[in-house]
1. Can you tell me how much longer the chain between ASP150 and SER4 gets when fully stretched, taken as 0.36 nm per residue apart minus their C-alpha distance, in nm with one decimal?
2. Given the Cα-Cα distance of ASN231 and LEU22 and 0.36 nm per residue of separation, how much length would full extension add, in nm?
3. With +1 assigned to the C-beta of every Lys and Arg and -1 to the C-beta of every Asp and Glu, and no other charges, what is the dipole magnitude of the chain about the Cα centre in debye, to the nearest 20?
4. How far, in nm, would the chain grow between LEU176 and TYR223 when pulled straight, counting 0.36 nm per residue and subtracting the alpha carbon separation?
5. Taking the Cα centre of segment 76-232 as the origin and placing charges on Cβ (Lys, Arg +1; Asp, Glu -1), which of ILE85, GLY174, ILE146 is farthest toward the positive end of the dipole?
6. Sketch the reach of a paramagnetic label on ILE184 as a point 7 Å from Cα along Cα-to-Cβ, and name the residues of segment 15-57 whose backbone nitrogen lies under 18 Å away.
7. For segment 1-74, taking Cα atoms only, what is the radius of gyration to one decimal and the Dmax to the nearest whole Å?
8. Which number gives the lysine pairs in segment 30-165 that have C-alpha atoms under 17 Å apart and are eight or more places apart or on different chains?
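Since every read-out is calculated from the coordinates, none of them should be taken as a lab result. The structure displayed is predicted, hence computed values, not measured ones. With ideal geometry, Cβ positions are generated from the backbone for all residues, glycine too; neighbour counts draw on all protein chains shown.
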Amino acid sequence: MNDSYNNKVESFINKLDNELILRKKYLGYLNEILHELKSNNHKFTFIRTTVPELYAHYEGFLKFSFLELISFLKTLDLSNDDININYLIFCLLTKLENHIVTQDAKARRILDVFYNVFNANESFLKNADIDKYILNHDTLKYTLEILSIDRTNATFQMDKLGVLYQRRNGIAHGELKTGNAFSISKNRDITDAQVQTSYNIWTEDYRCVVETLDIIKNTLIDYIIDKEYLNT
């Protein structure tokens, strides 16, 4: 049993390590390319275009690691008595999709969940439609709370990541205000000061994302090694 469990833990760690290596390599390429660019126009265009990519690697690795965590826990065949009862929340959230709007329909979904997990003894994890769970920066805080992970101890740079999330949305949706370092206008040229400001911000975001990828990996590895998913 211990050998089997240890093999599963090792497999989980290897999957996160391999994914992390690929993402860090790609992020490193972006950083190298930026430092090789000479033209202000080329630099600014590259910086502005790749801000959403920086965020995408943060959210992408977050989602990948979360799904791998759930897959790992499913292999343990834990009973609902053994696993943290907060995992029931995943069942409820993934059953109450946006198109379920009437109180009657919501009640039916919730009753189905309660019947499956409390009467039919179906596990929380197997009852949850985990692929439908929305995980991004907006939902990270309460996701950590569901998992009973102390985000203070996990040292997530929530404020910096939140600013990056808003900047990504502003660029992607064309909602940047005039005067923003990343905004463009047909009425003015890109200045040296604008390029330097956006470069400094990009560099800080790059470092924050790379550090966050390590934090995500280490946090979830500690989580399973310490068996924090168990009901206590």
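1. Extending this stretch completely gives an extra 49.7 nm.
2. 71.8 nm
3. 880 debye
4. 13.1 nm
5. GLY174
6. Within reach of a label on ILE184: 34, 37-54.
7. According to the Cα coordinates of segment 1-74, Rg and Dmax are 17.5, 60 Å.
8. For segment 30-165, the number of qualifying lysine pairs is 10.
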